[in-house]
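Only one structure is covered here, and it is reproduced in the block below.
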Amino acid sequence: ALTAPHVSECAAPLSGSFWCPGPGRGVPFQDRVGAAAPSHSRFGIEVGTLEWMLVEPNREVRDLLAGTGHDVRYREFCGGHDALHWRDGLIAGVASMLGYAPVMQ
């Protein structure tokens, strides 16, 4: 969605490891955001507040994407790095990016 919006205009990073690849291993995602051409891509980012290593990088990516004109929906949940949270987050993120309001119970 960032580098090839003509292929996919949506992305739903759940507990995104935006700190990767780390020093000396490639271009960090944050740098790629700044270098990407403006697009109409939509991002549904979600991270758990107990994911201490991931919260700040996800907030940084949210701000960078929003600052470059992308549609960003961001949510922090009380939880950790867990497939149970990703299941619900993936469904809600995709529905949100497609224009459907997920039903919260």
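Structure values in brief
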{"read-out": "Search result, residues across the range 45-71 that are open to solvent by 60 Å² or more (accessible area, probe 1.4 Å) and assigned to a loop (DSSP other than H, G, I, E, B)", "value": "THR49, LEU50, TRP52, MET53"}
{"read-out": "Complete set of residues in the range 3-27 that are at pLDDT below 85, out of contact with any Leu (no Cβ under 8 Å at 6 or more places or on another chain) and buried (at least 18 other Cβ atoms within 10 Å of the Cβ)", "value": "PRO5"}
{"read-out": "Any chance VAL33 is assigned to a helix (DSSP H, G or I) and farther than 21 Å from TRP19 by Cβ", "value": "no"}
{"read-out": "Test: residue in the range 72-84 that is under 15 Å from CYS10 (Cα atoms), assigned to a helix (DSSP H, G or I) and either open to solvent by 60 Å² or more (accessible area, probe 1.4 Å) or in contact with a Ser or Thr (Cβ under 8 Å, 6 or more places away or on another chain) (or both)", "value": "no"}
{"read-out": "The range 85-98, residues that are free of Cβ contacts under 8 Å to residues at least 12 places away in the same chain, surrounded by fewer than 14 Cβ atoms within 10 Å (Cβ to Cβ) and among the hydrophobic types (A, V, I, L, M, F, W, C)", "value": "ILE91"}
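The values are calculated or read from the model by the stated rules, or taken from the named source; none is laboratory data. The structure presented is a predicted model; accordingly, all values stated were derived computationally and were not measured. Ideal geometry is used to build each Cβ from the backbone, glycine not excepted, and the neighbour counts take in all protein chains shown. Note: accessible area is taken over every heavy atom of the protein model, side chains too, but ligands, DNA and RNA are not part of it. Shrake-Rupley method; radii C 1.70, N 1.55, O 1.52, S 1.80 Å.
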